[in-house]
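The values are calculated or read from the model by the stated rules, or taken from the named source; none is laboratory data. As the structure is a prediction and not an experimental result, all values here were calculated from the model. Cβ sites come from the backbone with ideal geometry, for glycine too, and all protein chains shown count toward neighbours.
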Amino acid sequence: MAKSEYYYGVHSVESLLELEPERVLTLFTLKGRDDQRLQRILQLAEPFGISVQKASRDSLEKLAGQPFHQGVVAAVRPHPVLNEKDLDQLLESTQQPLLLALDHITDPHNLGACIRTAAAMGVEAVIVPRDRAATLTPTARKVAAGGAEKVKFIQVTNLARTLGQIKENYNVRVVGTMLDEKALPIQKFDFTGTPVCVVMGAEDTGLRPITQSQCDQTVFIPMAGNLQSLNVSVATGMALYEACRQRQQSE
């Protein structure tokens, strides 16, 4: 039997109970806590007969791996890891999806923030490399605030190769965010009419050359003043908002 995963934080646990309650094995709640947010979580768990155990703050901290658990931790059946085959199935069954690819983002806080924004902007899947990149740790799930249960998280062996394959097989337009001589202001790129994958690079290195080679177009976010770059999760939010805005208007 696979080892349990631990979700923590009110938003993360609440979203899990709303979308995938069958995965929850046990809820651990802080002794003495009895507020409305916790009552909502307990109400969601009750119809499924999920065991609820009271625990000390120290016990919750050990389960969560850090002190910022907000008084609730869930022991959960691991979710199957999604891969290239799952991405193919998604593209075969979804018309004009919006995808987000993250090129070696290693900070789980940034990953969680990107996933949260992706869920809010209607992204179908977040695609990341399997190696040398952040994964869906409990920290990333908490920062995602429920978004990790609403967006498919797909790990691929080779990101550049995957981008090339979805371009060839599913006519996905790949747009990379970086400032080069061919880059357009992001509002000048047409995100409508076809499947689109927005690719974001790491803050320190940007898009790797091998990833750049798969981009049909590069774009940049126009900025005032002397700032040259933004936190990757902030830039992701701005890029996805523009894509979502255009696609909603076209409908």
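The residues of the stretch 37-50 that are in a helix (DSSP H, G or I) and either surrounded by 12 or more Cβ atoms within 10 Å (Cβ to Cβ) or among the aromatic types (Phe, Trp, Tyr) (or both), listed by number, are 37, 38, 40, 41, 42, 44, 45, 48.
Does residue 98 satisfy the condition of being assigned by TED's automatic domain parsing to the domain that holds residue 243, buried (at least 19 other Cβ atoms within 10 Å of the Cβ) and touching a Gly at 6+ places or on another chain (Cβ under 8 Å)?
Numbers: assigned by TED's automatic domain parsing to the domain that holds residue 243: yes; buried (at least 19 other Cβ atoms within 10 Å of the Cβ): yes; touching a Gly at 6+ places or on another chain (Cβ under 8 Å): yes.
It is true that residue 98 is assigned by TED's automatic domain parsing to the domain that holds residue 243, buried (at least 19 other Cβ atoms within 10 Å of the Cβ) and touching a Gly at 6+ places or on another chain (Cβ under 8 Å).
Hey, among the residues in the stretch 193-206 that are of a type in the set (Val, Ile, Thr) and at pLDDT below 95, which one's surrounded by the fewest Cβ atoms within 10 Å (Cβ to Cβ)?
Initially, the stretch 193-206 is screened for residues of a type in the set (Val, Ile, Thr), giving 194, 196, 198-199, 205.
Checking the rest, the ones that are also at pLDDT below 95 come to 194, 205.
Numbers: 194: 13, 205: 9.
Ranking the candidates gives 205 first.
Being farther than 24 Å from residue 95 by Cβ, without any contact (Cβ under 8 Å) to a residue 40 or more places away in the chain and small (Gly, Ala, Ser) is true for just one of 160, 183, 202. Which residue is that? Give the steps one after another, and end with the answer.
Values: 160 fails: without any contact (Cβ under 8 Å) to a residue 40 or more places away in the chain; 202 fails: without any contact (Cβ under 8 Å) to a residue 40 or more places away in the chain.
Result of the check over 160, 183, 202: 183.
Scanning the stretch 1-55 for residues that are of a type in the set (A, V, I, L, M), in contact (Cβ under 8 Å) with a residue 12 or more places away in the chain and farther than 19 Å from residue 149 by Cα returns 2, 30, 38, 52, 55.
For first residues located in the stretch 223-251 and in a helix (DSSP H, G or I) and acidic (Asp, Glu), partners that are at pLDDT 85 or above and buried (at least 19 other Cβ atoms within 10 Å of the Cβ) and lie 6+ apart or on another chain with Cβ distances below 6 Å form the pairs 242/186. Looking at residue 12, is it among the small types (Gly, Ala, Ser) and either more than 27 Å from the chain's Cα centre (by Cα) or crowded, with 20+ Cβ neighbours inside 10 Å (or both)? For residue 12, the condition - among the small types (Gly, Ala, Ser) and either more than 27 Å from the chain's Cα centre (by Cα) or crowded, with 20+ Cβ neighbours inside 10 Å (or both) - is met. For the stretch 239-249, filtered to residues that are modelled with pLDDT of 95 or more and surrounded by fewer than 15 Cβ atoms within 10 Å (Cβ to Cβ), the residue that is farthest from residue 125 (Cα to Cα) is 245.
What about residue 224, is it assigned by TED's automatic domain parsing to the domain that holds residue 115, out of contact with any His (no Cβ under 6 Å at 6 or more places or on another chain), of a type in the set (A, V, I, L, M) and surrounded by fewer than 16 Cβ atoms within 10 Å (Cβ to Cβ)?
Working: assigned by TED's automatic domain parsing to the domain that holds residue 115: yes; out of contact with any His (no Cβ under 6 Å at 6 or more places or on another chain): yes; of a type in the set (A, V, I, L, M): yes; surrounded by fewer than 16 Cβ atoms within 10 Å (Cβ to Cβ): yes.
Spelling it out, residue 224 is indeed assigned by TED's automatic domain parsing to the domain that holds residue 115, out of contact with any His (no Cβ under 6 Å at 6 or more places or on another chain), of a type in the set (A, V, I, L, M) and surrounded by fewer than 16 Cβ atoms within 10 Å (Cβ to Cβ).
In a residue-by-residue description of the stretch 129-145, the property of being assigned by TED's automatic domain parsing to the domain that holds residue 238, modelled with pLDDT under 95 and within 26 Å of residue 246 (Cβ to Cβ) applies to at least one position.
Listed here are the residues, each with its yes/no results for (1) under 24 Å from residue 115 (Cα atoms); (2) surrounded by 13 or more Cβ atoms within 10 Å (Cβ to Cβ); (3) not assigned by TED's automatic domain parsing to the domain that holds residue 119.
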{"position": "17", "(1), (2), (3)": "yes, yes, yes"}
{"position": "22", "(1), (2), (3)": "yes, no, yes"}
{"position": "32", "(1), (2), (3)": "no, no, yes"}
{"position": "35", "(1), (2), (3)": "no, no, yes"}
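Taken as a whole, the stretch 155-169 holds at least one residue that is within 16 Å of residue 105 (Cβ to Cβ), outside the structural domain of residue 70 (by TED's automatic domain parsing), within 15 Å of the chain's Cα centre (by Cα) and not basic (Lys, Arg).
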